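The values are calculated or read from the model by the stated rules, or taken from the named source; none is laboratory data. Nothing here was measured: the structure is a model prediction, and the numbers come from that model. Heads up, the Cβs are rebuilt from the backbone with ideal geometry, glycines too, and the neighbour counts pull from every protein chain shown. Just the protein is used for accessible areas: all its heavy atoms, side chains included, with ligands, DNA and RNA removed. Shrake-Rupley method; radii C 1.70, N 1.55, O 1.52, S 1.80 Å.
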Amino acid sequence: MALVSTNPATGRVLESFETWSKETTAQVLDEVREAFLGWRATPIAARTEVLRAAASILKAEAQILGRIMAEEMGKPVKQGAGEAEKCALVCEYYADNAAAFLAPEPAEGGGLRAYLAFEPLGTILAVMPWNFPLWQVFRLASPCLAAGNAVVLKHASNVPRCALAIEDIFRRAGLPKNVFRTLMIGSRQVEAVIQHKSVAAVSLTGSAPAGASVAAAAGRALKPSLLELGGSDPFVVLADADFEAAAAAGSLARCLNAGQTCIAAKRFIVEDPVYEPFLELLAGKVRALKVGDPLDPSTDVGPLARPDLVEELQAQVDASLAAGARLVLGGKPLKGPGCFYPPTLLADVTPDMAVFREETFGPVAALIRARDAEHALALANDTEFGLGASIWTRDLARGEALARRMEAGSVFINGMVKSDPRLPFGGIKASGYGRELSYFGIRQFVNVKTVWVG
Ligand code: NAP
């Protein structure tokens with residue numbers, strides 16, 4: 001079996017990598033374990049210096065990294081360069097804050113002579129998706145490494161060049177050999193890695209079925225897991241919203257990365273009196289986006305990452321149209337080579353339709369009519385997912401009151417959902433469990449050790 005890098009804009013194979021055997025993988029895991037023992041004994045100030053050096057490389061090489069992503073998974077180069085710069089931010093954030101986040105804490109209480117220490121667990125397996133091929137890895141790896149863990153990356157099979165580029169950045173940043181390794185393996189080899197005695201825990205970012213499979217394997221091995229899974233985020237527009245701002249943010253929130261984002265706005269739930277005017281505004285914004293070559297700096301929407309993703313998206317659109325949705329824009333893949341799918345708008349979507357019930361991983365916006373704010377909230381929560389949500393209203397108190405009743409890991413009022421190193425990120429329900437980023441992220445994979453002093 002091979003890991004194949006294919007350019008989704010042209011369909012051309014760029015490079016092919018042989019997958020590792022069971023034996024090679026096991027040997028690398030042993031080497032990583034050995035390296036971990038040295039790394040955990042390294043003072044935290046030296047560990048975080050490596051993250052600072054990685055940040056410098058990421059900033060200096062943002063354009064080159066953007067190009068690698070564009071060629072391998074179709075992200076427009078301007079968005080890819082921005083992603084590399086965001087990876088630098090998360091490295092700097094943990095370089096600045098890890099020592100404080102991990103400082104021993106005195107235990108509270110009359111007469112107690114005890115404290116809590118936060119110690120690394122060992123090797124953390126990172127099973128990662130292709131859609132933010134750098135960001136997903138750095139947001140997990142930087143706190144893990146700062147805490148003294150080692151990391152092994154099993155990246156998505158279609159982004160081996162990105163996977164190797166990340167390993168190379170850490171090497172050049174001065175990370176000791178084998179503290180971070182890219183495993184050149186397919187998903188069928190993941191269970192054996194989880195079972196391996198040197199692996200302490202696993203984090204998966206990806207789809208719900210992959211999450212269920214990895215969590216089950218982790219359960220069998222009695223190892224902790226963190227799951228960052230899919231979403232079907234609601235974007236609720238109330239009658240008193242600033243539509244212009246909502247439509248501008250909505251088109252970006254749906255079409256960034258060609259809609260292949262876990263926290264993309266997927267279901268636009270709009271209060272009845274403003275439904276048609278908002279639809280028109282959103283259609284105007286979406287129509288203005290430039291679809292094309294991801295290497296062209298003026299491109300807004302590149303191709304989807306793989307042909308099977310186009311087929312899956314088309315099936316969801318077709319099923320929803322057959323069930324009564326109204327096609328406003330797009331709706332069919334573009335002709336010619338490459339996996340191009342145009343920004344698409346479906347109106348009059350109802351909860352029984354595929355684009356409401358399932359995660360749509362492409363630039364397809366579903367518009368749903370709500371009778372009032374209460375109905376909008378009920379529709380927003382009527383999903384198996386619980387990742388992000390966004391609410392648009394000029395009445396901030398009402399927005400906050402609704403936000404507190406949303407079933408989601410984060411709610412943004414008058415803003416599109418995004419991740420930020422300073423804010424915890426993660427989901428509930430079928431969107432997963434655990435949190436990345438902020439001090440929550442660095443405490444996910446540590447042993448909270450109670451030390452009692454008699
Ligand atoms: P995916 O197909 O689930 O793959 C994710 C990773 O899991 C890949 O490395 C994949 O390897 C591996 N994998 C798949 N099935 C597996 C199994 N049974 N056992 C072990 N590993 C397995 O997801 P994707 O298509 O790459 O990414 C899109 C999904 O990720 C969407 O649902 C999106 O919402 C979600 N996502 C969530 C977040 C978040 O933070 N919550 C962020 C980004 C993306 P192979 O490539 O070798 O199959």
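A few points about this structure:
- When residue 132 is tested against (1) more than 10 Å from the ligand (Cβ to nearest atom); (2) assigned to a loop (DSSP other than H, G, I, E, B); (3) under 18 Å from the mean Cα position of the chain (by Cα), exactly one condition is not met: (1).
- Subset of the range 401-417 that is in a loop (DSSP other than H, G, I, E, B) and closer than 10 Å to residue 389 by Cα - its residue that is nearest to the ligand (Cβ to nearest atom): 409
- Among all positions in the range 427-445, there is at least one residue which is touching a residue at least 60 places away in the same chain (Cβ under 8 Å), aliphatic (A, V, I, L, M), farther than 25 Å from residue 256 by Cβ and out of contact with any Lys or Arg (no Cβ under 8 Å at 6 or more places or on another chain).
- Search result, residues across the range 235-250 that are outside any loop (DSSP other than H, G, I, E, B) and open to solvent by 10 Å² or more (accessible area, probe 1.4 Å): 243, 244, 245, 248, 249
- Cβ-Cβ under 7 Å pairs, at least 6 apart or on other chains, the range 51-68 side modelled with pLDDT under 95, far side of a type in the set (A, V, I, L, M) and open to solvent by less than 10 Å² (accessible area, probe 1.4 Å): none
- Any hit, the range 354-367, residues being assigned to a loop (DSSP other than H, G, I, E, B) and either out of contact with any helix residue (DSSP H, G or I) (no Cβ under 7 Å at 6 or more places or on another chain) or hydrophobic (A, V, I, L, M, F, W, C) (or both): yes
- For residue 102, the criteria (1) touching a residue at least 24 places away in the same chain (Cβ under 8 Å); (2) under 25 Å from residue 252 (Cβ atoms) hold in every case but one, which is (2).
- Some residue of the range 99-121 being buried (at least 21 other Cβ atoms within 10 Å of the Cβ) and in contact with an Asp or Glu (Cβ under 9 Å, 6 or more places away or on another chain): yes
- Applying the criterion of being in a loop (DSSP other than H, G, I, E, B) and crowded, with 19+ Cβ neighbours inside 10 Å to the residues of the range 294-305, the residue that is farthest from the chain's Cα centre (by Cα) is 299.
- Residues in the range 274-291 that are in contact with a strand residue (DSSP E or B) (Cβ under 8 Å, 6 or more places away or on another chain) and more than 21 Å from residue 76 (Cα to Cα) were compared, and the one that is surrounded by the most Cβ atoms within 10 Å (Cβ to Cβ) is 282.
- If the condition is being basic (Lys, Arg) and part of a helix (DSSP H, G or I), then the range 211-234 contributes only 220.
- Subset of the range 254-271 (residues that are away from the ligand (no atom under 11 Å from the Cβ), open to solvent by 10 Å² or more (accessible area, probe 1.4 Å) and touching a strand residue (DSSP E or B) at 6+ places or on another chain (Cβ under 7 Å)): 271
- Of all residues in the range 148-189 being away from the ligand (no atom under 15 Å from the Cβ) and free of Cβ contacts under 8 Å to residues at least 12 places away in the same chain, the one that is farthest from residue 39 (Cα to Cα): 168
- When residues of the range 195-212 are limited to those that are within 8 Å of the ligand (Cβ to nearest atom) and either open to solvent by less than 10 Å² (accessible area, probe 1.4 Å) or touching a residue at least 12 places away in the same chain (Cβ under 8 Å) (or both), the one nearest to residue 124 (Cα to Cα): 204
- Residue match in the range 101-115 (condition: basic (Lys, Arg) and in a helix (DSSP H, G or I)): no
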